[in-house]
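The next block holds one structure in the form of structure tokens; read it before the comments.
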Amino acid sequence: MKKYIYKSLFFVLTLVLMSCNNDDDSQSIWLPVNMEIIYPASAASYQTLAISYTNEFLIQNVTRNLSGGTKISYDCSYNELQLLSNLKIKDLPSGEETDYQISYTNGIVTKITVNQSGSSTEYNIDHDSNTNLYRYNFPYTWKFNSANNLEYYYFSSDETLEVTYDTENGFNHFMKPQPVLAILDTYFRDNFFQDLYFLSTQNVKETRYEDLISSDVIESHFTHTLDTQNHISKTEIRINSDTNPFMIKNITYQEKKF
């Protein structure tokens, strides 16, 4: 009887130790789940983004809450390579919906199909693997660096947008870069990639818009504040030489164990 009790106790103790070891082996990842965007020059002008994720830590939905009670919902689906294959955007409460289907060849964006109001339009995207350039209907050109972060975008024969980065990891350093998001944002739909600027693998340091005809230049300088986990908790964005930020982004994280 004693031998049976000892064996039972030993078995229970083993289970407890194994459970503790499993807990010790678990790791944490901090995901941005909410962003508050403030425009200091206009006290009533602000918006929030609520972000949810899949079990693979890919962005599943972003809900943009605008002033006046309107919302925009972005639903994301991915293929087996964890590349965005479908982006469904719905304006609420109107219910107006636009569906973007993305086709790939060997992991490269080759076609974007837009479904809206019962009609469907296809856009064939060319890619140069030597320069990592994407093109559609010249002069629309997107250049990405070796990490697939957007470097510049030519959206007319005389206008360009350039992006530079800090060296440290960005918000989604654990995710596969999604060049198609920059293409969708700049040509098809504004204000998705721009507000989710952390979708680059490195933190944005500066964006530079230039009109090559008028020589107008708009530089947006990003100043990041890091939290105790070395994640950006606040970003202040200043235009050209202005001393006061024209935009402030406050980010809230949630810990996920895996």
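So here's what we get for this one:
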| item | result |
| --- | --- |
| Residue match in region 31-38 (condition: at pLDDT 90 or above and under 20 Å from Gln178 (Cβ atoms)) | yes |
| Any pair with Cβ under 8 angstrom, 6 or more apart, that starts in region 54-69 at a residue that is touching a residue at least 60 places away in the same chain (Cβ under 8 Å) and exposed (fewer than 15 other Cβ atoms within 10 Å of the Cβ) and ends at one that is of a type in the set (S, T, N, Q) and assigned to a loop (DSSP other than H, G, I, E, B) | none |
| Strands (runs of 3 or more DSSP E) (entirely within region 123-187) containing at least 3 residues that are within 20 Å of Tyr104 (Cβ to Cβ) | 126-128, 133-136, 140-144 |
| Per-region count, region 111-131, residues modelled with pLDDT under 95 and surrounded by 16 or more Cβ atoms within 10 Å (Cβ to Cβ) | 0 |
| Enumeration of residues in region 87-96 that are within 18 Å of Thr121 (Cβ to Cβ) and loosely packed, with under 15 Cβ neighbours inside 10 Å | Glu96 |
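The values are calculated or read from the model by the stated rules, or taken from the named source; none is laboratory data. Source: prediction; values computed, not measured. Using ideal geometry, Cβ is built from the backbone for each residue, glycine included, and neighbour counts are taken over all protein chains shown.
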